[in-house]
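Every number in this text was worked out from the coordinates using simple rules, so none of it is lab data. Just so it is clear, the model here is predicted, and its values are computed rather than measured. Methodologically, a virtual Cβ is constructed for each residue, glycine included, from the backbone with ideal geometry; neighbour enumeration extends over all protein chains shown.
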Amino acid sequence: MTNSDWDPGQVGESEAPSPPDGASDRNSDYLAARSAALRLLGYRGRSEAEVRRRLSPRYDSQVIDRVITALTQQGYLDDAAFARQWRSSRERRRPRGQRLLRQELLGKGVPEETIREALENFDGPGNAYRAGHSLAMRLAGGEFSQFRRRLWSLLQRRGFDGGVITETVHTLWQELADPLNGGIDTPSDEE
């Protein structure tokens, strides 16, 4: 090709033909959607439904399906791992009852069967104890009726069942009433 044959519109045409039928646009949409999904996952783990919901306003469903499939195959998206991680995080930082955890995970689009597996062996009394301990310490020295009412309200808002709340309120009250014993030795232990 000589300088006289040169046409600015033909630059690179002989080296890389343009993809047919807008494949270039689809690929750039895929890359943009994948990048957006990875950014979302960089902040915290997310369920497949959350990623799908966040991408849907900007990308078409075929592109989102490709991104979801690729990220699932690469191990970046796993609803079961996400549900286990969510439960673990809640148990460590802000303990919640099984009912509230189930609602949170359902709201994040995790399937019911996956939630059931993630919440197996849930320690309701242990989580309720951790959730109420701080408030119980602040209420120490007060009347039992106020202690029970305030602790009950907190634990109920956190999604614990009535039986677990009753047990936790009495356990914490006993520990505060006898700090040296702390409810550790029961009558059967003294024999």
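The table for this structure:
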| quantity | calculated |
| --- | --- |
| Residue-wise HN-Hα coupling along region 109-117, computed from phi with Karplus coefficients 6.51, -1.76, 1.60 (Hz; x: Gly, Pro) | x, 7, x, 4, 4, 5, 5, 4, 5 |
| Nitroxide proxy distance, nm - points 7 Å out along Cα→Cβ at Phe144 and Ala80 | 4.7 |
| Volume of the Cα convex hull of region 124-177, divided per residue and given in Å³ | 61 |
| Cβ-based exposure ranking for Arg92, Arg53, Arg158, in which fewest neighbours within 10 Å come first | Arg92, Arg53, Arg158 |
| Between region 36-107 and region 143-166, the alpha-carbon center distance in angstrom | 31 |
| Likely footprinting exposure, Val67, Val169, fewest C-beta neighbours within 10 Å first | Val169, Val67 |
| Amide N proximity, region 64-82 versus Glu113 label position 7 Å along Cα-to-Cβ, cut-off under 14 Å | 79-80 |
| Region 67-128: chymotrypsin sites (Phe, Trp or Tyr not before Pro) in DSSP loop, at most 12 other beta carbons within 10 Å | none |
